[in-house]
Amino acid sequence: MGEREADLLLVERVQAGDQQAFGLLVEKYQRRLLRLVQRMVRDAAEAEDVTQEAFVKAYRALPNFRGESAFYTWLYRIGVNTAKNWLVANSRRMLTVSEITDADSEGIEDSVLLRDEETPDRVLMSRQIGATVNAAMEALPPDLRTALSLREIDGLSYEEIAQVMDCPIGTVRSRIFRAREAVAARLRPLLDTGSQKRW
Amino acid sequence: MKSESNAMAGAAVSALFDDELEPQTAQVALAAVAEALSERETWRTYACIGDALRGEPRPEADLTAGVMARLTAEPVVLAPRALAGRPARQPWLALAASLAGVAVVGWLALAGKPPESPLAGRLPTGSPPAATLAAQDAVPPAPTLAAAAPAAIEADMSEYLLAHQAQAPTLSLDQSTKQIRTVAMRVVQP
């Protein structure tokens, strides 16, 4: 099952009235959409507001989503339109809006602008999270570390990882899960669980 | 036993997060994630791990919580949703409607045609079609005038008939046709 099919399952749940399923989609795509919006809206806080607005618009429009395109492609268009509207309303200079196309939706690499606007609190939190995750990765057995790295950093599918590591797919699934749980155990105290409980 | 099932459920969530579950298993895992707070927290933590490994920045605000709070605060829309399995329109209905329309127009055109007027044969043969139509609607005195009149009088009579054809007792379809031809006749005549 690919990303498109998995997203469609979530979308169908939302369309059936499961609002929490939309939270999973937000959690899954918020950083990707934020990076996109950040290219148009320079201020980090405003970019987050625009991203949030885009998700709310997407939720309202979701009953009309028929799955003819991938969910993120659809969400991407909503994000671009929301950012454009925001720029028009705020009479701000539009940053390379005309140059942004659908093709960019999957491969926006730069997060330089976002980093320029980071607050000290955010920098500190990001560093703490990064350090914790790196330390946890270092402490993992090599098989687990390799499996998780191939998945998260290199973006390989389970089948590709199985070929690289010369093991069954079930083993890959187990290794990635165990690696994640080991890292998560160190990370959870650092994350703000209070806000999570709102959704 | 319980920890083993928890591990299996956790592994399913992990695979679901990677879009690597079979569709049927994914349905079950998805329901678990959507309904259980602990599973949603796991989902969020996995997302955070991936972001950290890729060096992606995290938003300062909790976007998910913000979006969900806004959605919860929104009024519930009670309008009925469009039917998902709405049957397609049947093409034969359109064809039948077209045929019915043609039949009605044809019936109006043929059944409502008035009987041939005696004046029709007395008008000049080279006169435009409008004159013939006008003659069909002629009132009873017209044949007498037409029989004795020269060409100039016939022309005057035609104008008279045309001017009064609106009062002629004909069907609306014929009347509309007459009006069209009347305009054409007036353009041709000096």
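Structure notes:
- Residues that are modelled with pLDDT under 90, crowded, with 24+ Cβ neighbours inside 10 Å and within 20 Å of residue B:34 (Cβ to Cβ), drawn from segment A:34-72: none
Let's see how each residue does on (1) β-branched (Val, Ile, Thr); (2) within 10 Å of chain B (Cβ to nearest Cβ); (3) touching a strand residue (DSSP E or B) at 6+ places or on another chain (Cβ under 7 Å); (4) free of Cβ contacts under 8 Å to residues at least 40 places away in the same chain:
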residue: A:124; (1), (2), (3), (4): no, no, no, yes
residue: A:138; (1), (2), (3), (4): no, no, no, yes
residue: A:142; (1), (2), (3), (4): no, no, no, yes
residue: A:147; (1), (2), (3), (4): no, no, no, yes
residue: A:153; (1), (2), (3), (4): yes, yes, no, yes
residue: A:159; (1), (2), (3), (4): no, yes, no, yes
residue: A:164; (1), (2), (3), (4): yes, no, no, yes
residue: A:167; (1), (2), (3), (4): no, no, no, yes
residue: A:170; (1), (2), (3), (4): no, yes, no, yes
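- Residue-level analysis places residue B:34 among those that are at pLDDT below 80, assigned by TED's automatic domain parsing to the domain that holds residue B:12 and assigned to a helix (DSSP H, G or I).
The values are calculated or read from the model by the stated rules, or taken from the named source; none is laboratory data. It should be emphasised that the depicted structure is a prediction, and the values quoted were computed from it without experimental measurement. Neighbour counts are summed over all protein chains in view; Cβ atoms, including those assigned to glycine, are modelled from backbone coordinates with ideal geometry.
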